[in-house]
Amino acid sequence: MIGIAAWKIWKWDIGVLLGYVFLVLCSTVLIRHPFSGQHFQPELFWSWRAWDRQKEQIIANVIMFIPVGVLTGRRIGWKGLWIATGLSVVIEVLQLVSSRGLCEFDDVMHNMNGASIGVGVLWQPPNSLREIDDRRRVESRRENAGSGHYGSYCPVRYRLCYWKACYDEI
């Protein structure tokens, strides 16, 4: 419901992100039954030492946060990792408080690896020939700005302004 409202009010990617966050919360906290026993594992990398028993859980945690990285990275770039970190910490705290899972630092690290992969999917280095050509064209326009032929360069908006209307450089 919240995801649908966000889809209508804001942008589609925020609605999809909120819907996906709800599904993650359901699968990690809400549909689990409380259990007695250990609920906190403060030891770092314990799951890696128990790889033969924990490999499915580790891989699932990484894969589960790839969409979070893609959706937050689409909106705010690498800063989306902060949102993914917050979501992961909220999940671990809810698991500890509600006794519905094991609160561990390894899960946060695995979730962050998945979110990093998701953000990395969107990131492309600026080495393509088109981007290099576009940069050269922009630099030549900056050099000729104010000459009357190209218009005057506006350094605040990184645009060329012709008369009172501004047009994108590229």
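With one equal scatterer per alpha carbon and no solvent term, the Debye-computed log10 I(q)/I(0) for the range 28-89 at 0.22, 0.26 1/Å reads -1.08, -1.14. Note on the range 13-128: Rg/Rh from Cα positions, Kirkwood definition for Rh, rounded to two decimals, is 1.01. Neighbours of V70, meaning other residues whose beta-carbon lies under 15 angstrom from its beta-carbon, give a summed charge of +3 when Lys and Arg score +1 and Asp and Glu score -1. Among 101-109, 68-76, 42-50, sorting by the average number of other beta carbon atoms lying within 10 angstrom of each residue, highest first, gives 68-76, 101-109, 42-50. Of the solvent-accessible surface of the range 1-113, computed with a 1.4 Å probe and all protein chains present, 72% belongs to carbon and sulfur. Computed over the range 59-118, the convex hull of the alpha-carbon atoms projects to a mean area of 3.6 nm².
The values are calculated or read from the model by the stated rules, or taken from the named source; none is laboratory data. Model, not experiment: these values are computed from the prediction. We place every Cβ from the backbone using ideal geometry, glycine too, and count neighbours over all the protein chains shown. Side chains are part of the model used for accessible areas, which takes the heavy atoms of the whole protein and leaves out ligands, DNA and RNA. Shrake-Rupley method; radii C 1.70, N 1.55, O 1.52, S 1.80 Å.
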